[in-house]
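See structure below.
Here, each number is a calculation from the coordinates, and none is a lab measurement. Computed from a predicted structure; not experimentally measured. When we count neighbours, we look across all protein chains shown, and the Cβ atoms used for this are built from the backbone with ideal geometry, even at glycine.
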Amino acid sequence: MRVEQTTIPGCCQLFPQVRADSRGRFVKTFHREVFAEHGLVTGFAEEYYSVSHKGVLRGMHFQTPPHAHFKLVYCLAGTVLDAIVDLRAGSPTYRQATTIELSAEAGNMLYIPPGMAHGFYALTDDAVMQYKVTTVYAPHNDAGIRWDSAGIDWPDASPLVSERDAGFPSLQDYDSPFVYAEKGGQ
């Protein structure tokens, strides 16, 4: 598995080996020793997936302290444009966003440290996104910023967005509780 840092400190793109033949594909999404070698936290507490139709935008979500979490996301079917925004005060990329196309075909994954708003736009029908997180869902710490407030170049100016996601505060109006610490990316 190849691990590459993104433009946002602590956030990595992972490229597992994809084995494909006439039967289909095989992808190893987790190997404890590889993650440890790169200093990636893996004490996953929950795992879930979402299925989205083409044109759906989900985000930009995160959990606040003390329930903030590391997150590993990847696409099991279809293709998405994945996005993260750095919410960590003091980070060299504070309030900056980056996007990465994730696809089932490529098998690539995104490792996201606490203090990042995360979301994605489904580029294909029935895009299935898998999430592994290091803390259990905490409703009182569930938060987000508006999908259209961080300067992300989404493929669609009018995506299908939930009422909840449309009601989040803008990035400019969000008072972040996250603080950047160079070691560990949070």
Seminar exercise, completed: A correct Karplus calculation of ³J(HN,Hα) over the range 142-156, with 6.51 cos²θ - 1.76 cosθ + 1.60, θ = phi - 60°, whole Hz and x for Gly and Pro, returns 7, 8, x, 10, 4, 4, 9, 10, 10, x, 6, 8, 6, x, 9
Exercise. Per 5 Å bin from zero, what fraction in whole % of the C-alpha pairs of the range 89-186 is there, up to the bin with the longest pair?
Worked result: 2, 9, 19, 23, 23, 16, 6, 1
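Taking the Cα centre of the chain as origin, sum charge times position over the Cβ atoms of Lys and Arg (+1) and Asp and Glu (-1), and report the length of that vector in debye to the nearest 20. Let's see the in-between values first.
Working: 15 positive and 21 negative charges, 96 e Å.
It comes to approximately 460 debye.
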Exercise. How big is Rg to Rh over the range 1-101, alpha-carbon atoms, Rh as the Kirkwood inverse-mean-distance radius?
Worked result: 0.96
For this session: First select every other residue whose beta carbon is under 14 angstrom from the beta carbon of Tyr131; then total the charges, Lys and Arg +1, Asp and Glu -1.
Result: -1
Problem set entry | Max mean-square fluctuation residue, GNM over the chain, Cα-Cα springs under 10 Å, options Asp175, Asp82, Asp142 | Asp175
Exercise. For the charge dipole of the range 94-157, defined by +1 on Lys and Arg C-beta atoms and -1 on Asp and Glu C-beta atoms about the Cα centroid, which residue among Trp154, Gly119, Ala106 has the Cα displaced farthest towards the positive pole?
Worked result: Gly119
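Where does the chain land at 222 nm, in deg cm²/dmol rounded to the nearest 500, when only DSSP H runs of n ≥ 4 count, each adding -39500 (n - 2.57), divided by all residues? Display every interim value, and only then the final one.
Working: 2 runs with 10 residues, N = 186.
Taken over the chain, the calculation gives -1000 deg cm²/dmol.
Wrap a convex hull around the Cα atoms of the chain, take a quarter of its surface area, and give that in square nanometres.
Result: 10.3 nm².
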